[in-house]
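First comes the structure, then the notes that go with it.
The values are calculated or read from the model by the stated rules, or taken from the named source; none is laboratory data. Everything numeric in this text was worked out from a predicted model, so none of it was measured. As a convention, Cβ positions derive from the backbone with ideal geometry for all residues, glycine included, and neighbour counts pool all protein chains shown.
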Amino acid sequence: MQSGERDSHEQHSGCDRPHEAQTAGTSSSANARLHLDQIQFMSGLLGLPDLRTRVERYFQFQALHLKRYREEIMRVAFTLVDEGEIPRARVLAITGKAATVSVEIIKLGLAEGYFETPSPKGPLRVAFPAKIHEFYFPQLFLDLPVEPPAGRAA
């Protein structure tokens with residue numbers, strides 16, 4: 001490692017560790033409670049236990065522009081929500097369709113952004129395109145009233 005690289009590495013080596021000010025005077029159990037509270041808060045916003053239901057409703061009521069393979073794409077999306085990533089060959093088993101139809105389903109799902117892949121023949125991964133955010137994660141997009149800063153009139 002050269003001198004400039006070493007200096008940069010030393011400067012950034014502690015970036016992932018909590019800062020002393022964040023942990024000063026707090027016990028490990030207090031930190032654990034804080035992290036648990038954060039996890040519970042985000043879990044509530046994301047509503048993960050009901051995500052499959054919201055995915056199904058999206059495909060039933062919002063993805064009506066999909067004239068072909070809407071049900072099959074929804075089944076693949078369910079699997080990806082549950083598992084995160086699957087090999088392309090699994091689409092045949094998930095949909096019960098032949099290989100050529102499965103390829104069409106994959107192409108359409110990728111084109112619509114319902115799933116993604118790191119390469120043309122790579123595995124399929126769950127995707128969350130902007131067009132589905134408010135349906136999949138409605139608690140993240142609530143229209144809450146904005147209060148003016150203290151001392152200012154609206």
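In segment 99-122, which residues are surrounded by 11 or more Cβ atoms within 10 Å (Cβ to Cβ), closer than 19 Å to Lys67 by Cβ and among the hydroxyl-bearing types (Ser, Thr, Tyr)?
Ser102, Tyr114 - these are the residues of segment 99-122 that are surrounded by 11 or more Cβ atoms within 10 Å (Cβ to Cβ), closer than 19 Å to Lys67 by Cβ and among the hydroxyl-bearing types (Ser, Thr, Tyr).
Among the residues of segment 60-92, write down those that are hydroxyl-bearing (Ser, Thr, Tyr) and under 19 Å from the mean Cα position of the chain (by Cα).
Quick first cut of segment 60-92, residues hydroxyl-bearing (Ser, Thr, Tyr) only: 69, 79.
Of everything in segment 60-92, just one residue is hydroxyl-bearing (Ser, Thr, Tyr) and under 19 Å from the mean Cα position of the chain (by Cα), namely Thr79.
Go through segment 49-98 and count every residue that is modelled with pLDDT of 95 or more, loosely packed, with under 14 Cβ neighbours inside 10 Å and not in a loop (DSSP other than H, G, I, E, B).
1
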